[in-house]
Amino acid sequence: MMRFNVSEINDCIRTRRSIYPVQFSDREVSKELIEVMLENARWAPTHKLTQPWRFKVFIDEGKQRFADFHSEKYKEITPEEKFSEMKYKKIRQNAERSSVVIAIVLHRDEKASIPEEEEIASVAMAVQNMHLTCSAYGLGAYWGSGGLTRHEEMKQFLKLADNERCLGFFYIGYPAMDWPKKTERMERRQVTEWIEE
Ligand SMILES: Cc1cc2nc3c(=O)[nH]c(=O)nc-3n(C[C@H](O)[C@H](O)[C@H](O)COP(=O)(O)O)c2cc1C
C-alpha cells in the first residue's frame, strides 16, 4: 500500500531546479509559506538527533541590510586586482531580487560528538527539504555559496558563535519565467554498481 501519491512526489523531486534571483518576479513569498519550508527542514535525518541546522531568515529591511552588507563588504575587502564589478552586482542583485534570503548555518553540538561531514550532510538534507517544498509550491530557489560565505566578516554579521559556520544562502522568490528544463545528469548506470553475488 502506497502512503502517498508517489507519481507526484517523483515529479516534485525530479523537476526540482535551481532558479536564480535574476529570474524572479516581484511577487512576495508569504511568511506562512516560509514557515512551511522551515517546518519541513527540521524533519531531515540527523545522527544522534543533534539537529545541526540553524537558519537566519532575512526579509524586508533585514534583507536590504543583508544585500548592502554583502555587496559593500565584498567591495571593501577585495583587493583591487581581484575585484569584479559583475560579481559585486550579482551579490547585490541576488538578495535584492529575492523575496527571502535564508542563511544556512551549521551548528555543532557542544561536544562535537558527530563527525563534521555527517553534520554538513544533515544540514544539506534540511536544505533539500526546503528546496523540494519550493518545487511543490512552484517557488524558485537556489543554494548559493559564493561571495563572503566563508569570511569572518560574514560570520560576525550573522552573529555566529564559535561552533557555527555559514554554508551559504538559500535565495527564494517566484519565478518570472516558465519552469526550467532538466539540467545535465549522469545516467543511473554510471553512478551505480549492483552487487548480486
Ligand atoms: C552546496 C551547494 C552550493 C551551491 N553553490 C552555488 C553557487 O555558489 N552558485 C551557483 O550558481 N549555484 C550554486 N549551486 C547550485 C548548483 O549550481 C545547481 O544545483 C546545479 O547547477 C544543478 O542544477 P539544479 O539544482 O537545477 O538541478 C549550489 C548547489 C549546492 C548543492
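Restricting attention to the stretch 1-36, the residues that are out of contact with any strand residue (DSSP E or B) (no Cβ under 7 Å at 6 or more places or on another chain) and either within 16 Å of the ligand (Cβ to nearest atom) or among the acidic types (Asp, Glu) (or both) add up to 14.
Among the residues of the stretch 147-179, those that are within 12 Å of the ligand (Cβ to nearest atom) and either surrounded by fewer than 14 Cβ atoms within 10 Å (Cβ to Cβ) or modelled with pLDDT under 95 (or both) comprise Arg150, Trp179. Among the residues of the stretch 134-143, how many are touching a Ser or Thr at 6+ places or on another chain (Cβ under 9 Å) and of a type outside the set (A, V, I, L, M, F, W, C)? Total satisfying the criteria: 3.
Checked against the criterion of being under 16 Å from the mean Cα position of the chain (by Cα) and assigned to a loop (DSSP other than H, G, I, E, B), the stretch 171-190 has at least one qualifying residue. Could you please let me know if Asn40 is more than 16 Å from the ligand (Cβ to nearest atom) and either in a loop (DSSP other than H, G, I, E, B) or in contact with a helix residue (DSSP H, G or I) (Cβ under 6 Å, 6 or more places away or on another chain) (or both)? Considered against the rule, which asks whether it is more than 16 Å from the ligand (Cβ to nearest atom) and either in a loop (DSSP other than H, G, I, E, B) or in contact with a helix residue (DSSP H, G or I) (Cβ under 6 Å, 6 or more places away or on another chain) (or both), Asn40 comes out as yes.
The values are calculated or read from the model by the stated rules, or taken from the named source; none is laboratory data. None of these values were measured; they are calculated from a predicted model. Backbone-built Cβ (ideal geometry, glycine too); neighbour counts: all protein chains shown.
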